[in-house]
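See structure below.
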Amino acid sequence: MDGKRSPTSHRTPEQYRQHYKDFQGTPEQIAKRSQRNKARRAMEKLHGKEALKGKDVGHKTPIAKGGTNARSNLAIQSVRENRGWERKKGRGP
């Protein structure tokens, strides 16, 4: 894309690469992403892929507040409910 911004994005490809290098590529963030992926796989194994289609697997007690991937701490939630909790409920880390 020659460093030009995509019409649907606010970042250039170089900015995406830099963000990954500086943040998403750090060992800490890789470990967090791995934990989220493990939680989703556990719920898919329990409920099936179809039950999770279009849904998120949320942690009742956030990982940042000591939550785990234990089955009792996981819940199937809508994308809106799971990704908007901090603004709505004020329960941020």
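The table below lists the values:
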read-out	value
Qualifying residue in the range 66-83 (condition: within 20 Å of GLN24 (Cα to Cα) and either within 13 Å of the chain's Cα centre (by Cα) or at pLDDT 95 or above (or both))	yes
Qualifying residue in the range 5-26 (condition: in contact (Cβ under 8 Å) with a residue 12 or more places away in the chain and closer than 21 Å to ARG83 by Cα)	no
GLY54, sole failed condition from (1) surrounded by 11 or more Cβ atoms within 10 Å (Cβ to Cβ); (2) more than 20 Å from GLU28 (Cα to Cα); (3) of a type outside the set (Asp, Glu); (4) modelled with pLDDT of 90 or more	(1)
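The values are calculated or read from the model by the stated rules, or taken from the named source; none is laboratory data. Quick caveat: nothing in here was measured; it's all calculated off a predicted structure. Cβ coordinates were reconstructed from backbone atoms using ideal geometry, including for glycine residues, and neighbour counts include every protein chain displayed.
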